[in-house]
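Structure record follows, encoded as structure tokens.
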């Protein structure tokens, strides 16, 4: 954990002093679709350093299937929500304006309803509290003529409290309005 904080602080310090243009917007807000879906807000603190906030859920209700998300074929599809904050460092790809790749990390907290018949949770009707760390990496393209940015990323997470485990399937696509 100490090493993760050192890496994040180093990225923050490097990013604040960077003068290269790696993006062409300050703030964006939109939606995220993947095994976790929800809302995303990204704000650039400097030319390359961004902070992204996510409010997501993994609840699929009657639409969950074993084919697309095998873990969701169990149990009752518990309701839940996660709040994540990520620090991301952006790098331009070649000389294509608005096209970047990024890496970063952060933390999350969440609460999930009880689950019965699920292999990851013991049978219980009580809510579960999740907290842990996230890694993130992906690509982002910001259109020059319209206020839109598209992002594809992978965000594995490790949980430390009540549910000890890894969510490795966090591959998602985001579309955000830029301003």
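Each residue in 96, 171 was given a count of other beta-carbon atoms within 10 angstrom of its own, and listing them fewest first yields 96, 171.
Placing R0 at 22 angstrom, the Cβ-Cβ distance between residue 26 and residue 94 gives a FRET efficiency of 0.40 after rounding to 0.05.
None of the figures in this text is laboratory data; all of them are computed from the coordinates on show. Everything numeric in this text was worked out from a predicted model, so none of it was measured. Backbone-built Cβ (ideal geometry, glycine too); neighbour counts: all protein chains shown.
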